[in-house]
Each structure stands twice: as C-alpha cells, then as structure tokens.
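Engineer: Questions regarding the structure given below will be posed in turn.
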Amino acid sequence: MASTTSADCIATSEYEVHVFNRLPDPKLKLHCASKDDDLGYHEIVQNYDFNWKFCDSFTKRTLFFCHLWWLNKDAAFDVFKSKSSDDCDRYLCLWEARSDGIYFSSGSPPKLFRKKFAWNVSRSLMSSLSGYGGEGAGAVELMDCDGPTIMWWASESRPNTRPFFCSLAADIHSCCWFGDTEA
C-alpha cells in the first residue's frame with residue numbers, strides 16, 4: 001500500500017506527494033496510481049488536497065501518475081519518478097491544479113510553483129463533432145468508458161446511430177472511429 005509511516009522505509013527514502021485543488025467549483029476529480037498501488041478515484045474541493053506517502057523502491061524504479069479532470073479539461077502526468085526524485089526537495093512533491101494548467105513545487109516551505117503542464121481541452125473536439133451526421137444529429141455527449149484516456153461519443157437525438165469512439169491520447173485526426181465496441 002502507498003500510505004506508510006517513516007518506520008516502514010528501510011534502506012530507502014519516504015516521499016510525500018500532494019495534489020492541491022486551486023480551482024473553483026465543480027470539484028477536481030483525480031485518479032492516482034503506480035504499477036503496484038491504485039489509490040482510487042477522488043473528488044477534491046477547492047483549496048484542499050489529496051496526498052499520500054510511500055517508500056521509494058530499492059531499485060529506484062518507483063513511478064506514480066495521476067489523471068485529473070475539471071469541467072471540460074483533463075491532464076495525465078507523472079507526479080513522481082525515482083529518476084527525478086531530486087526534484088522533490090526534502091522528499092516532498094507538491095502539485096497544484098489551476099485554471100490554466102498544472103503547477104509543481106517542492107520542499108517545506110514550498111518554493112515558487114512553476115507551470116509544468118497545460119490542460120487538454122475537450123470542448124473543441126465536442127464542438128467539431130456536435131453537428132456530425134447531418135441535420136437533426138443533435139448535440140454530442142461526452143461519456144466516460146472504463147479507461148481514463150478512452151472516451152466515447154453518442155448522439156442522443158439519433159438513438160439508432162452507432163456509437164462514435166475517440167481516444168484522447170492519440171492524434172485527433174486518426175483517433176476517432178464508428179463501431180459497436182472500443183478498439
């Protein structure tokens with residue numbers, strides 16, 4: 001399990017990761033995990049955080065990643081990599097979700113937060129697909145399939161149409177297809 005006490009780390013360092021929500025409502029949604037520890041899906045209210053402690057692996061191969069969602073935006077990124085652990089001053093990694101992107105700092109007290117990632121915005125994709133299928137196609141609705149990077153789209157006003165799938169992890173021009181199942 002990722003949550004530890006200092007006594008649990010023998011011959012390795014204990015790290016602490018915080019992901020702060022600096023966004024207005026609605027709540028920030030996130031899912032964080034490593035190869036061995038799935039920390040689950042969480043909703044974070046404004047000015048609160050999700051955090052955990054863990055021991056670095058003896059082989060220095062620890063990797064934790066998070067996927068964040070807010071409004072029509074999402075971001076997926078590594079929050080800790082053993083090979084970059086020096087970035088976490090005093091074994092503390094601090095992340096902030098802000099309206100213009102994802103910021104990083106470290107240490108206690110934290111240094112200046114610097115922007116590391118921009119949000120991926122789904123609105124342009126939704127807008128470009130909203131009229132697909134000709135007159136009467138209606139609005140396109142974003143729905144979540146079980147995977148964090150696979151989304152599917154369907155027209156509510158044309159219930160007899162086939163589902164339309166998109167992978168937001170791929171290039172927009174080559175990622176969308178019609179079908180009855182995910183690729």
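The values are calculated or read from the model by the stated rules, or taken from the named source; none is laboratory data. Note that the structure is predicted; figures quoted are calculated from it, not measured. Every residue, glycine as well, gets a Cβ built from its backbone with ideal geometry; the counts of neighbours run over all protein chains shown.
Engineer: Tell me, yes or no, whether the range 37-44 has at least one residue that is over 15 Å from the mean Cα position of the chain (by Cα), on the phi > 0 side of the Ramachandran plot and surrounded by fewer than 14 Cβ atoms within 10 Å (Cβ to Cβ).
Structural biologist: Taking the range 37-44 as the starting set, the residues that turn out to be over 15 Å from the mean Cα position of the chain (by Cα) are 37.
Retained after the next criterion (residues that are on the phi > 0 side of the Ramachandran plot): none.
No, the range 37-44 contains no residue that is over 15 Å from the mean Cα position of the chain (by Cα), on the phi > 0 side of the Ramachandran plot and surrounded by fewer than 14 Cβ atoms within 10 Å (Cβ to Cβ).
Engineer: Any chance the range 8-24 includes a residue that's small (Gly, Ala, Ser) and either within 20 Å of TYR103 (Cβ to Cβ) or outside any strand (DSSP E or B) (or both)? It would help to see each step written out before you state the result.
Structural biologist: Pass one, the range 8-24, residues small (Gly, Ala, Ser): 11, 13.
With the extra rule that they be either within 20 Å of TYR103 (Cβ to Cβ) or outside any strand (DSSP E or B) (or both), the set shrinks to 11, 13.
Yes, that holds for at least one residue.
Engineer: Right, here's the next one. Mind telling me which of the residues CYS66, CYS88, CYS93 ends up being under 16 Å from LYS116 (Cβ atoms), under 15 Å from the mean Cα position of the chain (by Cα) and surrounded by 13 or more Cβ atoms within 10 Å (Cβ to Cβ)? Before you say what the answer is, go through the steps one by one.
Structural biologist: On the way: CYS88 fails: under 15 Å from the mean Cα position of the chain (by Cα); CYS93 fails: under 15 Å from the mean Cα position of the chain (by Cα).
Going through CYS66, CYS88, CYS93 in turn, the sole match is CYS66.
Engineer: Which count do you get for residues in the range 102-138 that are surrounded by 12 or more Cβ atoms within 10 Å (Cβ to Cβ), hydrophobic (A, V, I, L, M, F, W, C) and either assigned to a loop (DSSP other than H, G, I, E, B) or modelled with pLDDT of 50 or more (or both)?
Structural biologist: So the count comes out to 7.
Engineer: Using beta carbons and a limit of 6 Å, which pairs, at least six apart or on different chains, have the first residue in the range 57-73 and in the same structural domain as SER84 (by TED's automatic domain parsing) and the second one part of a loop (DSSP other than H, G, I, E, B)?
Structural biologist: PHE58/THR12; THR62/ASP56; HIS67/PRO148; TRP70/LEU23; ASN72/SER122; LYS73/TRP119
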